[in-house]
Structure formats: structure tokens, C-alpha cells
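All of the numbers you see were taken from the coordinates with simple rules; none came from a lab. All values reported here derive from a predicted model rather than from experimental measurement.
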Amino acid sequence: MARRRKNQTLGIAIVLAVLIIAVGVLAYLNRGDLGLKKELEMQAEFHLVHGDFKQRVTMEDIWNLKPVEFSTVMRSGAGTSDVTFTGVELRRVLEKFGVNLQADSKVEVKALDGYASAFTGDEVLDPESLYITIAMDGKPLKPKGEGGFGPYFLVIRDSEFAQRWVKFVEEIVVR
């Protein structure tokens, strides 16, 4: 019986060791370049990637596109509220940097915290639908470290739920 218990204990120890190593490896692979992420957040920039093209988009770039205010309903676990955002249509940002978006294109919006949401070209090309926002209710979006949603927050204006919205936009990849 003691030998059986010793074998069970050894088996459990081996399984735990493998799990700990696997978690460590996955955490390392998913961390990305933390320094770059922090720099993008502090400089209020995000990357736009299309094939070999990679561009840093700045707050000045967004302001040059003349952001507009729009209202939508923000639904979350805390309930619903009417919110006014200030932002620029994502399709206009892509146009500014010469990204030729097609209806069958795929657009992935990635966040500093690892979250990502994907959209079709049709969704992005739909007028007044997807916005890169920089302010909410007249106040600039705060960065993650200050409990905010920014500096950039992708909002889908007429979506029933906000689960595809992307806080802390870090990178937009167009395929």
C-alpha cells in the first residue's frame, strides 16, 4: 500500500510539474513585447498592419481626421447607459493610410491586454458603424493603468452588446 501511495504521489507531482511548465511557456508566448505595449499606450499610438506595410497611428493622425461625436448605448454587466463617444470611423483611418479594404477583407483589432476582435471588410465599410474612439462623454479616454478604456477604444455603434468592442487598441491587422 505504501508503494502504491508513493507511485500516486509521484504521478501527481509529475502532472503538476508539466502543468506549471505549460502555463509558464504559454504565458511567455502570450506576453508579447511588454515594453512596446507600454510605449504604445504612453505615446497614445497603435500599429496598423497590412501585408508588409506597418504604420504607427498617432493621436495627431486621429485628430487630423476630424473626429465626430455620436451616441450609443453601452451595455455591460453593470447594466446599460447612454454614452456619447468622440471618434473616427475605422474605414476612414484605413483610407488615410492607403489600405484598400475590400468586402471580403478580414480586420483584426488587438488590445494591449491580449483581447482581440475580428471583423469582415463589409462590417468596416458599413458607414457610421465601427469607430476608433478617443473620448467618452466629453472626456479623453484614460489609459488602462488609470482604469480607463484607452487611449483608443473600438466601438461598434449599433451593436446590441459590447462584447466585440475593443478597449486599449494596440494593433489593427488587415488581411
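A value for semi-axes √(5λ) of the Cα gyration tensor in Å was derived from the coordinates, and within the list [x] 79, 12, 9; [y] 39, 19, 16; [z] 35, 33, 14 it appears as [y]. Compared with the dominant principal axis of the Cα atoms in the chain, helix 2-30 is inclined by about 20°.
For the options Glu108, Glu89, Glu160, a Gaussian network treatment of the chain with springs between C-alpha atoms closer than 10 Å singles out Glu160 as fluctuating the most. Rounded to the nearest 500, the helix-only mean residue ellipticity at 222 nm of the chain stands at -9500 deg cm²/dmol, with each DSSP H run of n ≥ 4 adding -39,500 (n - 2.57). With 18 Å as the limit on Cα-Cα distance, the pairs of Lys66/Lys110; Lys66/Lys96; Lys139/Lys167; Lys144/Lys167 that go past it are Lys66/Lys110.
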